[in-house]
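Student: So that we are looking at the same thing, I have put the structure below in structure tokens.
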Amino acid sequence: MLADRIEGKWIDAFAEVFERCAVRRGDTAAILSETQSRALNVHLAELALLRLGARPFHIVLPTPRNPHPVPVRSTGASEAIGRLAPVVTALGQAGFVVDCTLEGLMHAPETPDILKAGARILVISNEHPEALERMAPHEDLEREVRAAARMLRKAKQMRVTSGAGTDLTIDMTGAQTVGVWGWTDRPGTLAHWPGGVVVSFPKEKTVNGTLVLAEGDINLTFKRYLMSPVRLLIEQDYVTEIRGDGADAEMMRAYLDAWGDREAYAVSHVGFGLNRRARYEALTMYGRRDTNGTELRAVAGNFLFSTGANEFAGRYTAGHFDLPMMKTTIEVDGITVVREGVVQPVFG
Ligand SMILES: [Fe+2]
């Protein structure tokens, strides 16, 4: 249905987001991609930067061989750079980096060095531009995300419950919180488009309880709505039991087991979506190769729970599940921020 061709409207959309990222005439800008990147987005990035009078250049890496025992999806930790020093240096000096790698630089090992050198990174999630266009970021989203991030940074406890049986408690003391609204104009920071999420990386031994992925919740590694419930028991950050009869539970058990790595079972991040333009039903609208599922991470009122690496708890692994759950109630220090999947008017 979607044709992969340059459309003027998509150059417009890219240029609008880059303008929000404070790209000005004469600025240098690196477009980072890999050989398996979505060529259309790489081209649109170049044309939009040129339209703004910037001076873009491309860094293209061969997509590396997958060293893992399973196909890797939705980790947010690109392995494309492979610690190649000249690439890290060039990106650090670029001023503005448009990241079109498949997985994105969010959790890539080179990202701290690139940011420290003063670059700002906009990760363009590997979505078809037809989806990016629809989720152009705006000030209202920025305001809400900033307010939510402020709240989570001060929070002591998050509690998540649901009619399906979820009852999870997270000690938020010392958790690292990131708010993403879809652009960044500040040197040394990273944002992704689409945005509209707050995520917190809790410290170790802070997450306990039961998490029930209900029918209709989403596993973004598999890009699929659950057909039957999966009950996760979580003790001191680790999933210690995965109960459920259907294919969803079976695939979760198999995929996690394939890593042969205890850390794959641990909590990575917790948070929620705030983007009202992001649609719950979006996964049905795109072929699997046309979506990376970031839209589902940002759906307003979801609870986004993730397993895998959490550097703030000293855990490293390439295994990663992002699991947007609908219809939960999220309380932060006793304030209900999401009630049965609906964001409450607490973020201004
Ligand atoms: Fe994640």
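The values are calculated or read from the model by the stated rules, or taken from the named source; none is laboratory data. As the structure is a prediction and not an experimental result, all values here were calculated from the model. Neighbour counts run over all protein chains shown; Cβ positions are idealised from the backbone, glycine included. These accessible areas exclude ligands, DNA and RNA; they are computed on the full protein's heavy atoms, side chains included. Shrake-Rupley method; radii C 1.70, N 1.55, O 1.52, S 1.80 Å.
Student: Write out, first by first residue and then by second, each pair whose Cβ atoms fall under 9 Å of each other, whose residues are 6+ apart or on separate chains, and whose first residue, in segment 186-198, is farther than 19 Å from Ala45 by Cα while the second is hydroxyl-bearing (Ser, Thr, Tyr) and outside any strand (DSSP E or B).
Tutor: Going by the 9 Å Cβ cut-off, the qualifying pairs are Val197/Thr294.
Student: So, in segment 113-141, exactly how many residues are open to solvent by 30 Å² or more (accessible area, probe 1.4 Å), outside any loop (DSSP other than H, G, I, E, B) and within 16 Å of the ligand (Cβ to nearest atom)?
Tutor: 0
Student: With the structure loaded, tell me whether Leu84 is over 18 Å from Tyr316 (Cα atoms), open to solvent by 10 Å² or more (accessible area, probe 1.4 Å) and under 20 Å from the mean Cα position of the chain (by Cα) or whether it fails that test. Before you say what the answer is, go through the steps one by one.
Tutor: Numbers: over 18 Å from Tyr316 (Cα atoms): yes; open to solvent by 10 Å² or more (accessible area, probe 1.4 Å): yes; under 20 Å from the mean Cα position of the chain (by Cα): no.
No, not satisfied.
Student: Right, something else. Considering each residue of segment 164-195, count those that are assigned to a strand (DSSP E or B) and of a type in the set (Val, Ile, Thr), and give that number.
Tutor: 5
Student: Among what's in segment 94-112 and is more than 17 Å from Arg186 (Cβ to Cβ) and touching a residue at least 40 places away in the same chain (Cβ under 8 Å), pick the residue that is farthest from the ligand (Cβ to nearest atom).
Tutor: Cys100
Student: Answer with yes or no whether Arg277 is at pLDDT 95 or above, out of contact with any Leu (no Cβ under 7 Å at 6 or more places or on another chain) and of a type outside the set (A, V, I, L, M). Quick ask: steps written out before the conclusion?
Tutor: Values: at pLDDT 95 or above: yes; out of contact with any Leu (no Cβ under 7 Å at 6 or more places or on another chain): yes; of a type outside the set (A, V, I, L, M): yes.
Criteria met by Arg277.
Student: At least 2 residues that are on the phi < 0 side of the Ramachandran plot and small (Gly, Ala, Ser) in each: list the strands (runs of 3 or more DSSP E) lying fully within segment 1-99 that qualify.
Tutor: Hits in segment 1-99: 28-34.
Student: Scan segment 248-284 for residues that are of a type outside the set (S, T, N, Q), in contact (Cβ under 8 Å) with a residue 24 or more places away in the chain and more than 18 Å from Ala318 (Cβ to Cβ) and report the count.
Tutor: 12
Student: Answer with yes or no whether Val267 is in contact with a strand residue (DSSP E or B) (Cβ under 8 Å, 6 or more places away or on another chain), open to solvent by less than 20 Å² (accessible area, probe 1.4 Å) and more than 16 Å from the ligand (Cβ to nearest atom).
Tutor: Answer is no for this residue.
Student: Yes or no: Thr28 hydroxyl-bearing (Ser, Thr, Tyr), within 16 Å of the ligand (Cβ to nearest atom) and either out of contact with any Leu (no Cβ under 6 Å at 6 or more places or on another chain) or assigned by TED's automatic domain parsing to the domain that holds Ile121 (or both)? Before you say what the answer is, go through the steps one by one.
Tutor: On the way: hydroxyl-bearing (Ser, Thr, Tyr): yes; within 16 Å of the ligand (Cβ to nearest atom): no; either out of contact with any Leu (no Cβ under 6 Å at 6 or more places or on another chain) or assigned by TED's automatic domain parsing to the domain that holds Ile121 (or both): yes.
Against the criterion (hydroxyl-bearing (Ser, Thr, Tyr), within 16 Å of the ligand (Cβ to nearest atom) and either out of contact with any Leu (no Cβ under 6 Å at 6 or more places or on another chain) or assigned by TED's automatic domain parsing to the domain that holds Ile121 (or both)), Thr28 does not qualify.
Student: List the number of the failed condition for Leu220; all other conditions in (1) of a type in the set (A, V, I, L, M, F, W, C); (2) out of contact with any Phe, Trp or Tyr (no Cβ under 9 Å at 6 or more places or on another chain); (3) closer than 28 Å to Asp140 by Cα hold.
Tutor: Failing condition for Leu220: (2).
Student: Being modelled with pLDDT under 95, farther than 23 Å from Met227 by Cα and open to solvent by 10 Å² or more (accessible area, probe 1.4 Å) narrows it down to one of Glu311, Glu331, so name that one.
Tutor: Step by step, each of Glu311, Glu331 is checked, and only Glu311 is modelled with pLDDT under 95, farther than 23 Å from Met227 by Cα and open to solvent by 10 Å² or more (accessible area, probe 1.4 Å).
Student: I'm checking my understanding of the structure. Among residues of segment 288-339 that are part of a helix (DSSP H, G or I) and under 14 Å from the mean Cα position of the chain (by Cα), which one is farthest from the ligand (Cβ to nearest atom)?
Tutor: Here the answer is Glu295.
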